[in-house]
Every structure is written in C-alpha cells, then in structure tokens.
Amino acid sequence: MTSPFSFGGAVIWLGALATLALYSVLYRENPIYRFAEHIFLGLATAMGLYMTWKTVLYPTWYKELVAGHWAWILTLVAGGMYYTIYSKRLVWMSRLVMMTMMGLSAGLGFRGFFGTYMKQIGASFKPLVVMQHTAAGGVDVGGSVFASFTNILFLATMVCVMTYFFFSFEQKNRPIRRTASAGRWLMMIAFGAMFGSTVMARLSLFIGRLTFLFQDWIHLIRS
Amino acid sequence: MRGQRRLPLEQIIGRIDRRLVYAGLFLITLAPLVGRWALPLYVTPPPKMLADTINALPQDKLVFISSNWDAGTQAENRPQMTVLVRHLIRRRLKFASISIGAPNAPQLANAAIEQAIQLEKVPWVYGQDWVNLGYKLATEPWLRSFVRQIPEAVKEDWKGTPVDQIPVMRGVQKFGPDGQASMLIDITGSATIDGWYRYLSPTGVKLGLGCTAVMAPEQYPFLDSGQLSGLLTGMKGAAEYEQIIGAQGFGTTAMAGQSFAHLYILILIILGNLSLVLGWLERRRRRR
C-alpha cells in the first residue's frame, strides 16, 4: 500500500478515500457520502471560477485592458446589461444584448449547419447495386452482395425514419402508417445500441477507479 | 423450517438485494484485472482507418491533437491519447496539443504525453518535437481564426512562451494541402468535435476522433460521409489501437474486466426478464 507520508502518497490517499466515500452511497445514503459530495461541489465551483479567470478573463480581457486598450471596458458594460433583467424599468437593456447575441448565434449556426451536414446529405446518395472487384480483377460476389444490401438497408431506414417524422398530414394511409411504424422500430434498435454504448462507457469509468484503487493505492494490480 | 412456504423462483430473483448485485459487479470486474486474464480482442474498421490515415501522413507537417478530456472521462480518453501519441512518435510525426473543451485538460494531456514518451523510450523533446498550447476559449470566431491562420489564434504555449520562440511551431501557418498542419485528432469527453466539423471539415483536412463510448453511435454518420478519417470508441477503441500498433497498454488490460462485466450484466438482464416471465405465467395459471 502507498505510504501517506509523502506529497504523492498523500494525494493518492486523499483520492482513494474520496472515491470510497462517494461509492459508499451504493450501500446506503450516509453522512460520509454527503460530506464528500459537498467537498467535491465546493472544490469544483472554486476551481471553475479560478480557471475562468486564469484561462479566459485574465489573458483575453484584463491583460488587454491594463495594456491600454481601454475599449475592452465596453465588454464589461455589455455583460452588466444582462443583469438589468432583474429591474422592470431597465429590462429593455438586457433585451438589447440578448437580441445581439441571438442574431450572432443564428448567423454562425446557419454557417455551421452547412459545414456539418452538407457532406452528410451528399453521402446519403448511395448506389443500390454495388460491384466490388477482387485484386485479380474479377467480381467479388460476396462483397458486392453485402455492400448492396448495406446500401439498401441504409436507404430503407432513412425513408422509414423520415416518414415517421413527417407531421404535415395525418398518417392515415396504411402503407405510410406501416413505414412510419417501421421507422419507430428502427429508431428503437438505434437507441438500444446507444444505451449499450452508455453502459460500456460507465463501466470504463468504474474500471478506471478500480485501477486507481487497486494499482496506485494498494498495489494489488500489477502495472 | 416446517410449515413455512417456499418462495417461488421469480420472487427469489426479484428480491435479490441490489447491494449483492453491486458486490457481484465489483468482484467480476476486479478479478480479471488482478489475475491479468486476457480475452481475445479483434480490431474493427474505424480504429484501423485512423491508423492507416496516420501512417499516410507526411513527416514534414505538424499533427494537432485537440485534447479535450478531464478527470471525469480519464479512463476512456487517457489510453486513447497515450496510444495515439505513441503511434505519432513511432512515425516521427511532430505534434501540438491544444485544448478547447476543459480548462484543466492541458495538465492531463501533458501527463499522458509524457507517459507515452517514457513508454516509447525515445528522446522526444518538448519545443522541438512537440508542444502543449494549453487551453483556448473556443468561441466561433476563434475556431474560424484558428482554421484560417493558426498564429492569429495561438500566441503562446501553456507556460506562456510565445509560439515564435518554439521551434516546432515555427512556420506553422495553416491546415490543408498547402499548409503546414496535416491533421487534427480530437480526443474528447464532450461535444468539441462539433466545432471542428463546422470549421475544419469543409477545408478537407483529415479529422480523427477518440471519444467516449456514449458519444460514439452519433459519430458513425460522420465516418460514413468521410468527414472523419477514423474513430476510437472509448476504452475499446484504445485497446484496438494498442493491438494495431503492437503496444499493449491500459486499454488491453482493462478490456478483460470490461468484457466480464458485460457478461455479468447480460446474465442479470436474463434473470430479471426470467423473473417477470415466470411471474406472468404464474398469474395466468392462477386465473385459470
């Protein structure tokens, strides 16, 4: 077990005790868990404030201001205008900055949409019959059939899901109702895959903590 | 005890104390880690694509690693970062780490990079072969500026040294075929990749991603459209990449624990459903 009588050792001990305190909630709600939770929240808030000052406000605003670029004071005025939301008389001032920010975000968002999704729209046009070739130049029948099947499945899924999200008319027509229902089932399969990934992610975090406890703290796992 | 009615199986399963379930998960996950049990692991195409892309990069250009993870997703992102850096070092590709997602990410990135250098046992010198550019507040104008003219957006490294005094950053102006930066790999526990899709992807620059398993399903359409040149999914992605470059690390060791835990959860799901089905059959029998 790591000795707690050095700086590195004390840090590991603190980390290990905090981990155990937080995991103690799995047994039952208890004061040790509450204590650790509040310490964590306090530390995270303080660190967030410090890092905001150190990495954002100090280099990009304060340093510029003290270097003589006085116009940066206007950002403080604009930021302060947000707080007029609490005054009935001055609330119009907060709306000014909000409207400006909304306009900016909308413009940037529009550009961002094209950057992110235009390629995907292009990539959704897939050939339904794919011919794959082997290295010798012949036709790879198995590969071609599988690639064609994948593309057909992609198209069918896309049509079904888009039909499900088409709300401009009531889905009374039987084929449309069936297609939309298939779209819902296909989405359920996708959500299942997503949930499986989430379980995998949470277990990874658990393994990370186990490794810390049993490798760095009590040296039961060999590195 | 005589006279006491035995509980039916479905009720026994339904009454298992949740603490026993947790204890089981704890033991099942820990045993493979302590015993170093290894399970076979196969490599899927997305990490292979990333490795192939890195193998094809020119050696005279810089690779950017956008390191956007913190302690919360360390178990998934740190092995990804370590193995990718190891691959870059083996290929003699110089790199710059930059963080836009978490203010404390540069410290963690630095530790992971130093670990990778130590594991590779090569003199990979800070400033000459790699640099940590620290945390930058990635507003939309900053992202746009970074993609167009790197020196306009990055003035100093994480210790405050001006970039024009750092040899590895000298002459690095922009991304792309006529630029000095060949690729950006985002290793992230949050949605930072969206910013790179918006601004870097339209320039045609190679973009790689190492993300948490929660995020991965949403990223496959980007892989399909070619906006991503490769993808590492959580700890499994790191383990697969370790297999590809032949460098066993934390990912490979931890995957045995992960697989046993998955098996345990599958058994619990079957037991839970068995309890429900048996209860339903019993109620139906009584109604008759």
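The values are calculated or read from the model by the stated rules, or taken from the named source; none is laboratory data. Here the structure is a predicted model, which means the values were calculated and not measured. Positions of Cβ are backbone-derived with ideal geometry, glycine not excepted, and every protein chain shown enters the neighbour counts. Heavy atoms of the whole protein, side chains included, go into the accessibility calculation; ligands, DNA and RNA do not. Shrake-Rupley method; radii C 1.70, N 1.55, O 1.52, S 1.80 Å.
Assorted remarks:
- R0 of 22 Å, Cβ-Cβ distance A:Phe166-A:Ser124: FRET efficiency to nearest 0.05: 0.85
- Using a probe of 1.4 angstrom and keeping all protein chains present, the accessible surface of chain B works out to 47 square angstrom per residue.
- B:Arg285-A:Ser181 FRET efficiency (beta carbon distance; Förster radius 45 Å; 0.05 resolution): 0.85
- With the simple spin-label model, which puts each label point 7 Å out from Cα in the Cβ direction, the A:Phe191 to A:Phe114 separation comes to 3.5 nm.
- Dipole of chain A [Lys/Arg +1, Asp/Glu -1 at C-beta], most positive-end residue of A:Thr60, A:Met131, A:Met99: A:Met99
- Charging the Cβ of each Asp and Glu at -1 and of each Lys and Arg at +1, and nothing else, the dipole of chain A about its Cα centre rounds to 680 debye.
- For chain A, the longest principal axis of the alpha carbon atoms and the long axis of helix A:7-23 meet at an angle near 60°.
- Rounded to the nearest 20 debye, dipole of the range B:62-146 from Cβ charges on Lys, Arg, Asp, Glu: 340 debye
- Over the range A:1-68: Kirkwood hydrodynamic radius from C-alpha pairwise inverse distances, Å: 14.8 Å
- Members of B:Lys61/B:Lys121; A:Lys119/B:Lys61; B:Lys159/B:Lys236; B:Lys155/B:Lys206; A:Lys119/B:Lys159; A:Lys54/A:Lys88 lying beyond 31 Å, as alpha-carbon distances in this model show: B:Lys159/B:Lys236; A:Lys119/B:Lys159; A:Lys54/A:Lys88
- Extending 7 Å from the Cα toward the beta-carbon at both B:Ala71 and B:Ile270 defines two label points whose distance is 4.0 nm.
- About the centre of its Cα atoms, chain B shows a dipole size close to 1780 debye [charges on the beta carbon of Lys, Arg (+1) and Asp, Glu (-1) only; nearest 20 debye].
- Annotation: amide H-H contacts under 5 Å for B:Ser66 (H modelled 1.01 Å from N, sequence separation of 5 or more, or interchain): B:Ile98, B:Ile185, B:Asp186, B:Ile187.
- Ordering A:Leu203, B:Trp130, B:Trp196 by Cα displacement along the dipole of the protein assembly as shown toward the positive end leaves A:Leu203 in first place; charges were set at the Cβ atoms of Lys, Arg (+1) and Asp, Glu (-1).
- Of the listed residues A:Met99, B:Met169, the order by accessible area with a 1.4 Å probe, largest first, is A:Met99, B:Met169.
- Note on the protein assembly as shown: antiparallel DSSP beta bridges, both residues inside, total approximately 5 percent of the bridges counted.
- Across the protein chains, with a 1.4 Å probe defining accessible surface, the residues B:Phe260, A:Phe110, B:Phe146 rank A:Phe110, B:Phe260, B:Phe146 from largest area downward.
- Of all DSSP bridge pairs formed entirely within the range B:105-262, close to 10 percent run antiparallel.
- Degrees separating the helix A:31-52 axis from the principal Cα axis of chain A, which is the longest one: 90 degrees
- For B:Ile16, A:Ile12, the ranking by accessible surface with the largest value first comes to B:Ile16, A:Ile12, using a 1.4 Å probe.
- Rg over Rh for chain B works out to 1.14, both radii taken from alpha-carbon positions and Rh defined as the Kirkwood radius.
- Loop-located chymotrypsin sites (Phe, Trp or Tyr not before Pro) in the range A:1-104 whose Cβ has at most 15 other Cβ within 10 Å (DSSP): A:Phe5, A:Tyr27
- Helix runs (DSSP H) in chain B reaching 30 Å along axis by Cα, Kyte-Doolittle at least 0.5: B:250-287
- Percent accessible area from carbon and sulfur atoms, the range B:1-102, protein chains only, probe 1.4 Å: 58 percent
- Normalised convex hull volume, the range A:84-203, alpha-carbon set, Å³ per residue: 242 Å³
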